[in-house]
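Here is the structure we will look at, set down as structure tokens.
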Amino acid sequence: MNPIIETILNHRSIRKFEDQPLTKEQIHTIVACASSASTSSNIQAYSIIGVTDNEKKRQLAELAGNQSYVEDNGHFLVFCADLHRHEISLEMESAEGVESLESTEKFMVALIDAALASQNAAIAAESMGLGICYIGGIRNHLDKVSEILKVPKRVIPLFGMAIGYPSSNSYKKPRLPLAHIYHEEEYEQDVEKFKSELQAYNKELSQYYLERTNGKRQDTWTDQMARMLESPKRMYMKEFIQKKGYDIR
């Protein structure tokens, strides 16, 4: 097994970091790796905002649900869907293309491009001995996050990434069985088989929590998903995205 695969398979979220900032060289290397990710038709429909200002990080941590590691880390990145520069490109070329720019398809391209770039950044950081944690909580209050980061129209902060030197290691959380992730030739639709495999995964994940919490927690994956889906959140998202200039219907 080569070192790259070992790094990928060893991933776990880190939520406690040493009080040590990343160097400019480290940051530039991570961002360069992110920008080397695949992108649809070279559109490159994303931007990355690095946040080092302590007050901004404090505000973002509060908006993300008082997650301390948003504030206490070596560097904080925010990945954004970004079609702002593409609107500027239309102006520069005196071209008509707003309908395309505002389409659901281009919105999906921006989401996918940002996700691909972020995973390159994550692997690069982890290969350097750093730890990372994705932060979806910044979507709790995107209007306020957008004000703090001063993003223009057609730019949407999607998620953050806390990066730094781990002060303690975390457990590697078990993932869904590969049979649920990888389907050959067509989508597997044997529901009873699915349930059987999920029950086995439930036992594995429950044991993980038991060991990690000294018996205080033993929830299963299906229980977690059911509880999460019973409580809808961020239901303002469609309206916010439309205000940002995307025609999501």
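Bear in mind that the values in this text are calculations on the coordinates, not laboratory data. Here the structure is a predicted model, which means the values were calculated and not measured. A quick note on method: Cβ atoms are made from the backbone with ideal geometry, for glycine too, and the neighbour counts reach across all protein chains shown.
Compute the separation of the alpha-carbon centres of segment 77-99 and segment 169-238 and state it in Å as a whole number.
Distance between centres, Cα-based: 38 Å.
Evaluate E = 1/(1 + (r/R0)^6) for Lys173 and Asp19, where r is the Cβ-Cβ distance and R0 equals 22 Å; express this FRET efficiency to the nearest 0.05.
Between Lys173 and Asp19 the formula returns 0.25.
From the phi of every residue in segment 89-95, what ³J(HN,Hα) in whole Hz does the Karplus formula 6.51 cos²θ - 1.76 cosθ + 1.60 yield, where θ is phi - 60° and glycine or proline is x?
Using θ = phi - 60°, the values come out as 4, 4, 5, 4, 9, 6, 10 Hz.
Rounded to two decimals, what is Rg over Rh for segment 178-218 when you use alpha-carbon atoms and the Kirkwood radius?
That ratio is 1.17, to two decimals.
As an exercise, use a Förster radius of 35 Å and the Cβ-Cβ distance of Leu229 and Ser103 to find the FRET efficiency, rounded to the nearest 0.05.
The value I calculate is 0.80.
Pull up all non-local amide H partners of Tyr46: gap of 5 or more, or a different chain, and H-to-H distance under 5 Å with H placed in the peptide plane.
Amide H to amide H, under 5 Å and 5 or more residues apart or across chains, Tyr46 pairs with Asp82.
Would you please put 18-29, 110-121, 86-97 in order of how densely packed they are, using the mean number of other Cβ atoms within 10 angstrom per residue and starting with the highest? Each step should come with its number before you reach the end.
Working: 18-29: 13.5, 110-121: 20.3, 86-97: 11.2.
In descending order of packing, they fall as 110-121, 18-29, 86-97.
Compute the Kirkwood hydrodynamic radius of the chain, taking the inverse of the mean of 1/r over all pairs of distinct Cα atoms, and give it in Å to one decimal. Don't jump to the answer; show the numbers that get you there.
On the way: mean 1/r = 0.0495 Å⁻¹.
With all distinct Cα pairs of the chain included, I get 20.2 Å.
Across segment 1-83, what fraction of all alpha-carbon pairs, as a whole percent, falls in each successive 5 Å bin from zero upward?
Calculated P(r), rounded to whole percents: 3, 12, 17, 20, 21, 16, 9, 2, 0.
Determine ³J(HN,Hα), in whole Hz, for all residues of segment 56-71 in sequence, where each value follows from phi through the Karplus function 6.51 cos²θ - 1.76 cosθ + 1.60 and θ = phi - 60°; x replaces Gly and Pro.
Couplings: 5, 5, 4, 5, 5, 4, 5, 5, 7, x, 6, 8, 4, 6, 6, 8 Hz.
FRET efficiency for Leu90 and Glu188, Cβ-Cβ distance as r, R0 = 41 Å, nearest 0.05? Let's see the in-between values first.
On the way: r = 44 Å, r/R0 = 1.07.
The calculated FRET efficiency here is 0.40.
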